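Laboratory data are not the source of any read-out in this text; all were calculated from the coordinates shown. Every value quoted in this text rests on a predicted model; they were computed, and no experiment measured them. Ideal geometry is used to build each Cβ from the backbone, glycine not excepted, and the neighbour counts take in all protein chains shown.
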Amino acid sequence: MFGKVFREARKTTLSTAESVELALVVGRVARKILGSMATVDDKTQVTVQAGVDKSQPRVRKMFAQIAPRYDLLNHLLSLNIDRYWRWRTVRRVPPQGTTPVLDLCTGTGDLALAYYRAGDGKTPVVGADFCHEMLVIGQQKARRVAPVERLTLIEADSMQLPLADDAYQIVCVAFGLRNVADTDRGLQEMTRVCQPGGKVVVLEFSQPRWQPFASIYRWYFRHVLPRIGQWLARNQSDAYHYLPQSVGEFPSGEALAERMRACGLTSIAIQPFTLGVATLYVGTKPAQGG
Ligand SMILES: C[S@@+](CC[C@H](N)C(=O)[O-])C[C@H]1O[C@@H](n2cnc3c(N)ncnc32)[C@H](O)[C@@H]1O
């Protein structure tokens, strides 16, 4: 079982050997593509939730600073389990046919890539993020496996998507909704662009409850991970202290399911992964007239 899981998960592994020249060329191309697609109004900056600072400039700057090391740190700090979680997400909510899939807060594009592969290149995938630097890394990875019209990355704010209503069979977000300044607005936008009968999928960190694992994990997550992360990512935005703070504040389990229902989603399924370190939420947008 695990052999198969990790063989599948390894398909998402991408070479980290990137030449400076390639990065510059891809950066220029990405800027050109993204520049023409960006319609986000920077003046729309909201910070509506109390507690940890999720203002758009702060979040964007933080991810811009850690972008070059984001993938490495993700896989290292999660012991590669993040790949397995995305793989399970795609298995649990697989793409079908040619209606596109939308991955929000796509970052460096790992879930978008997993969906592209799962659809055998037949299902178009769009990834959206508001951090240009994360998308540039994502573009490098995407262009190695897919033509731009099949796997498209755009620069867009998840709270104000420049995308049509009812257009995507699956609208997913992995480890991103927690960072969106207004969770409800993010969920409303996900629901708006999802086609009737389609799925809204949220993969997010959660807090394990099963003892003694919960205590050991909490200690690792609050004290060890931020130190290693800060040290390796060398950013000034305290990104790896922000991580446990933002997870601690974010609704999980039934609380998040309730927020999804309030946005009009039904049949919410909650599936903990790895003893509850992460949780997958899947909601259905009711079919028209249903
Ligand atoms: C932790 S990363 C997750 C990246 C990717 N989904 C993954 O699975 O690794 C969070 C991403 O959310 C993006 N993000 C946060 N708030 C956003 C918003 N309002 N609109 C678009 N992207 C946002 C950040 O720029 C960052 O790339």
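Scanning residues 5 or more positions from VAL125 or on other chains, those with amide H under 5 Å from its amide H are VAL101, LEU151, THR152, with H placed 1.01 Å from N in the peptide plane. Summary of the geometry: region 214-271 and region 96-160, compared by the centres of their Cα atoms, lie 23 Å apart. Applying both filters, DSSP loop and at most 13 other Cβ atoms within 10 Å, to the GluC sites (Glu not before Pro) of region 143-211 gives GLU149.
With contacts taken as Cα pairs under 8 Å at a separation of at least 6 residues, region 85-181 carries a relative contact order of 34 percent. Please name whichever of GLN140, GLY186, PHE175 sits farthest to the positive end of the charge dipole of region 124-206, dipole taken about the Cα centre and charges placed at Cβ: Lys and Arg +1, Asp and Glu -1. Highest projection toward the positive end goes to GLN140. Each residue of region 164-172 was assigned a 3J(HN,Hα) from its phi angle through the Karplus expression (A = 6.51, B = -1.76, C = 1.60, θ = phi - 60°), giving 6, 5, 6, 9, 10, 6, 9, 10, 10 Hz with x at Gly and Pro. Over region 241-290, what number does the Rg to Rh ratio reach, with both radii from the alpha-carbon atoms and Rh per Kirkwood? We get a ratio of 1.08 for region 241-290. Distance between the pseudo-spin-label points of GLN211 and LEU72 (7 Å out from Cα toward the beta carbon): 4.0 nm.
Computed from the Cβ-Cβ distance with R0 of 22 Å, the FRET efficiency linking HIS223 to SER55 stands at 0.25. Using a simple spin-label model with pseudo-atoms 7 Å out from Cα toward Cβ, ALA164 and ALA262 lie 3.1 nm apart.
What is the calculated FRET efficiency for ASP238 to VAL148, with r their C-beta to C-beta distance and R₀ = 41 Å, to the nearest 0.05?
Efficiency at R0 = 41 Å is approximately 0.70.
Counting beta carbons within 10 Å around each of ILE154, ILE228, ILE216 and listing the fewest first gives the order ILE216, ILE228, ILE154.
List the relative contact order of region 73-127 as a percent without decimals, with contacts defined as Cα pairs under 8 Å and 6+ residues apart. So the answer I get is 35 percent. Note on ARG91 and ASP184: the extension gain reaches 30.9 nm, defined as 0.36 nm multiplied by sequence separation minus the Cα-Cα distance.
Mean separation of Cα pairs under 8 Å and 6 or more residues apart, divided by the residue count, gives region 225-290 a relative contact order of 21 percent. What FRET efficiency, computed as 1/(1 + (r/R0)^6) with R0 = 35 Å and r the Cβ-Cβ distance, is obtained for LYS122 and TRP231, rounded to the nearest 0.05? After rounding to 0.05, the efficiency reads 0.25. Shape descriptor for region 153-250: Rg over Rh equals 1.07 (Cα atoms; Rh from the Kirkwood inverse mean 1/r). Computed from Cα atoms alone, the Kirkwood hydrodynamic radius reported for region 192-233 is 13.3 Å. Going 7 Å from the Cα of THR98 toward and past its Cβ, which residues in region 107-139 have a backbone nitrogen under 15 Å from where you end up? Of the residues in region 107-139, 120-125 have backbone N under 15 Å from the label point off THR98.
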